[in-house]
Amino acid sequence: MSAFGDRRLLAGAGVALLRANLRYWPTIAPLVAQQLKRWEDQASNIKAPELQVLALSKLHDERFNAEVAATLATLAPKEHRRTVVEAIVAYEVMYDYLDGLTERPNPDPLASSHALYRAFTDAIAPNPTPIGSYFASHPVQDDGYLQKLTSTVTHALHRLPSATPIHAAAARAATRCAEAQTRAHAAPTLGTGQLEQWAASEAHQSQLSWQEFLAGAASSVLTVHALIAAAAQQHTTPAQADALDRTYLSICALSTMLDSLIDHQRDTHVGQAGYIRYYPHRKQLADDLTAAARRAIHSAQQLPDSTHHVMTLVGVAAYYISAPTATSDFARPVTQRVHAELEPLITPTLAVMRTWRAAKRLRHPTTTRTPSC
């Protein structure tokens, strides 16, 4: 049975999609382009060749991540949208850059990644504690590029009226995201036991399996984006921020697991292992995915701007389900269950996503990488 039993919710989500598009293209998209150009210019000034190449390739190959994250800025009052876009784009660029940095082999991957990801948590901390260079355990420095990203997020967030009420929830989301990424990238050196033990411990007091918690934690950057947008609202409360955090943990879990599912064959071919390796059976994966979707929809209905957050959930699912690999024999049994869970709203959203993918293939026929949340 579909999670969309309430016709008012269904209609409201459709209206939210239309409203978001009317705001995004004329007002948000140009701001995103400006901010991405700003960081391309900064990355071009990195003196270390390997880090310059990494930073620029991330901006080129994964710019869609920032473009999608910035759709949450459509929730911000007009007078704060520029600031929200500035914070969201810088935070997403930082996330993608750190992802690339911490994937690199390192003799002490936990220490190196923990130092680097301090930038990620410092960015949304009310009073970050300076620790010197974030590259203390890294062989090469990036001439302050990471510090500039961090300070940009901090200063932008502090200009928003409800920065203080969202701080605790944002810090929680950023910390679990940093730890999940750190431990996942350390797995090739240290094994998966340390990752599974951490996820099981953290998930113990939640309603989630440890696999679902891990998937949600790994892409909780999206949760912070939603909280940045909420900080632009005059009367956001800590309780509302906590509810956003819970809702987006499930949305992020759905995103990470679908991403890993549709990339399974590519990842296997290049010798990588995605998050679905922690599921011994695809039925358990399908169960967790549909449960995450149902839980997120139920939780989103209690939030301000509830229909927009439902629309975000459906958009995330449609993005991955519209991928050509989502119809493979391996992925289809799982994606079909998620599709059925999100009917009927996902049908028009899928049509939009498939049209967008077709147009993208015509413009960039060799681009096959699916960006993460």
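Here, each number is a calculation from the coordinates, and none is a lab measurement. The structure presented is a predicted model; accordingly, all values stated were derived computationally and were not measured. Here the Cβ positions follow ideal geometry from the backbone for every residue, glycine too, while neighbour counts run over all protein chains shown.
Considering only Ala115, Leu214, Leu258, and ranking their Cα positions along the charge dipole of the chain that arises from unit charges at the beta-carbon of Lys, Arg, Asp and Glu, the one farthest toward the positive end is Leu258.
When peptides 264-276, 9-21 are sorted by average Cβ neighbour count within 10 Å, with the highest value leading, the order is 9-21, 264-276. Averaging the sequence gap over all C-alpha pairs within less than 8 Å and six or more residues apart, then dividing by the number of residues, gives segment 247-373 a relative contact order of 32 percent. Taking every lysine pair in the chain that is 8 or more places apart or spans two chains, those with Cα atoms closer than 18 Å amount to 5. Would you mind classifying segment 123-182 by shape? Square roots of the alpha carbon gyration tensor eigenvalues, ordered a ≥ b ≥ c; an a/c under 1.5 is rounded, otherwise it is prolate if a/b is larger than b/c and oblate if not. Oblate, because a/c is 1.5 or more while a/b does not exceed b/c. Taking only the Cα atoms of the chain, the radius of gyration and Dmax are 19.4, 56 Å. Determine the relative contact order of the chain: mean sequence separation of Cα pairs under 8 Å and six or more apart, normalised by residue count, in whole percent. The value is 19 percent. Computed from backbone phi, the HN-Hα couplings of segment 149-158 come to 4, 4, 5, 5, 4, 4, 5, 5, 4, 5 Hz, rounded to whole numbers (Karplus: 6.51 cos²θ - 1.76 cosθ + 1.60, θ = phi - 60°; Gly and Pro given as x).
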